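The block underneath contains the structure these notes are about, expressed in structure tokens.
All of the numbers you see were taken from the coordinates with simple rules; none came from a lab. Computed from a prediction, not measured in an experiment: that's the story for all the values here. We place every Cβ from the backbone using ideal geometry, glycine too, and count neighbours over all the protein chains shown.
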Amino acid sequence: MVSFATDVSAEMVTAVLPVYLVLGLGLSPLAFGMLDGLYNGATAFLRIAGGHIADRTRRHKPVAGFGYGLSAACKLALPAAHSVPVIGAVIAADRMGKGVRTAPRDALISLSTPSGAQGRAFGVHRAFDTAGALLGPPAAMAVLWFTAQAYDAVFVVSFCLAAFGVLLLCLYVREIPYAPKPEASKPVTPRVSVAAPARPRLREAVGVLRVPAFLRVCLYALVLGAATIGDGMVYLLLQQRVDLRPHLFPLLPFGTALGFLLLAVPVGLVADRVGRLRVFLAGHVFLLCCYAVLLAPMPRGVLVVLPLVLLGVFYAATDGVLMAVAAPLAPERVRGGSLALVQTGQAAGRAVGAVAFGAAWTAWGPRTALVAATAVLGAACAATAAVAYRCRRRGASRAPLQTSRTLPEDAR
């Protein structure tokens, strides 16, 4: 429910931000691409800090609460920002809040869930999260309609909803205490005090990268993230193709969120059954189809609906599923910091992709830039699938020599 309220707030801003910056303030595609890259990249390394602090203090809830609170405060600063540097600073601070809270939040979910149900758990969370995203764009459009396109009013209402989300977190979310599992050969008897284990260090969380399966997941997230162009760019391309009026622009994120909401839980269940990495890679194939549709000559009605549906399928198959792939490969005591490494790679990759596409749009025009982006994503999908298939065959050939302790089920 915290994510539901927060995402209503966040998507109100996200729904109007591209048209506000490009059509309202007159930013060029390159400038918007840089801000869009900052929007994704500002979270990158703070995810590691947030996850490590939560693991170190064993207090995931307060760290997540700080991130939620910082993002809420930034909503009030947006109306006063009218230049690129100031807007960039506010967006960076807002994304810093998201970066701090994401890993502790996902660690809370993962630590509360059995290993075999990780995909379903993250699917349920993303469904609530996306339900908020579904309501955000219509709420923004309603505020714009009632206030004669006053963007400041959208930002203020967004702050109120974000503050309500922080209140829900403080009142109802419970901390998950870390309880180290006793060794089978040395059972812990009741009423016997056990010395508290040493608090995890950042080096220990980063050391998870020495696990080959976990390192590969981080590299997949980085490479495929760098091959994407960002939702804001997709919506601007679609707005140009269909000549959509500015006050209807928030309906584009609404269509994506609807597809994500309907598919998040079913796709999570499918991922638990057929393989989470397979579903994650398939999601990027759907994104590739979305780019191809934007290039193809199609009727206006189909062109409005189909890319949004494909984008929704992409998020349903990648957002929570990626965390479900990585979580069982990381120890519980450094679960937050480990998940932050994956999220950092993905966020850094998407930042690079957004800036590169903005520069290509400015230099070559939107269509040529999209053709290049489609080719890059296709090559990244093919290369990642080839590496994953080869590693899977190699792991299958060695499986009889491994134990479940050295090679987790999800790694196999």
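Listed values, structure above:
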{"read-out": "Under Karplus coefficients 6.51, -1.76 and 1.60, residue-wise ³J(HN,Hα) of the range 99-106 in Hz, glycine/proline x", "value": "x, 5, 8, 5, 5, x, 5, 5"}
{"read-out": "Contour excess over end-to-end distance, with Cα ends at Met1 and Tyr172 and 0.36 nm allotted per residue", "value": "60.6 nm"}
{"read-out": "Semi-axis lengths (Å, descending) of the ellipsoid that matches the C-alpha gyration tensor of the range 44-116", "value": "28, 11, 10"}
{"read-out": "Cα shape, the range 247-308, gyration tensor, a/c 1.5 rule", "value": "oblate"}
{"read-out": "Total formal charge among the other residues, if their Cβ is under 13 angstrom from that of Gln240, Lys/Arg +1 and Asp/Glu -1", "value": "+3"}
{"read-out": "Gained length - Leu215 relative to Cys160, 0.36 nm times residue gap less alpha-carbon distance", "value": "15.8 nm"}
{"read-out": "Pair Ala375, Arg394: separation of 7 Å Cα→Cβ label points (nm)", "value": "3.0 nm"}
{"read-out": "At R0 = 60 Å, FRET efficiency that the Cβ-Cβ distance of Val274 and Ala359 yields, to 0.05", "value": "0.95"}
